[in-house]
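**Q** Following this message is one structure expressed as structure tokens.
Read-outs throughout are calculated quantities, based only on the coordinates presented, and are distinct from any laboratory measurement. What you see is a predicted model; the values in this text were computed from it and never measured. Cβ sites come from the backbone with ideal geometry, for glycine too, and all protein chains shown count toward neighbours.
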């Protein structure tokens, strides 16, 4: 099994609804997102997927979040824009484009992330 990992990111603001603490206030992050793809075989050139293609696919999903207020963006109008919910949303979007996606991790800082598989 060949596993491919790519990373990208975006900057956005959010606040958590029904949360008691600092995160209920409007604040922002420079989010980092890691997507992992798994392939049983390689193409004729010895690649599972071109990193450039995988990153373009991820960036297309992330573009709708970049420099936005997540609470007013698409699905997050109705659900909390937590790292957990973002990881699942990004995973689901990527799954529609490439069923080799295995997981998506959303890092809101250097020490904290949520992963959806």
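**Q** Build a GNM of the chain with springs between Cα atoms under 10 Å: which of 26, 94, 16 gets the top mean-square fluctuation?
**A** 26
**Q** I've got another one for you. Could you tell me the relative contact order of the range 2-60? Use alpha-carbon pairs under 8 Å, at least six residues apart, and round to a whole percent. If you can, show how the numbers build up before the last one.
**A** Numbers: 74 pairs, mean separation 24.9, N = 59.
It comes to 42 percent, rounded to a whole number.
**Q** Related question: Working out 0.36 nm times the residue gap between residue 3 and residue 16, then minus their Cα-Cα distance, what length gain in nm do you get to one decimal?
**A** Numbers: separation 13, 0.36 × 13 = 4.68 nm, distance 3.34 nm.
Difference between extended and current length: 1.3 nm.
**Q** Could you check which residue among 51, 37, 76 shows the biggest mean-square fluctuation in a GNM of the chain with a 10 Å Cα cutoff?
**A** 51
**Q** Take the chain, connect every pair of alpha-carbon atoms lying under 10 Å apart with a spring to form a Gaussian network, then pick out the residue of 95, 60, 44 with the largest mean-square fluctuation.
**A** 44
**Q** Treating the angle as unsigned and between 0 and 90°, give the value, to the nearest 10°, between the Cα long axis of helix 83-97 and the longest Cα principal axis of the chain.
**A** 40
**Q** Listing 101, 4 from the residue with the fewest other Cβ atoms within 10 Å to the one with the most, what is the order?
**A** Details: 101 23, 4 17.
Lowest count first: 4, 101.
**Q** Still on this structure, please answer the following. Roughly what angle does helix 51-62 make with the longest principal axis of the chain, taking Cα atoms, 0 to 90 degrees, to the nearest 10?
**A** 20
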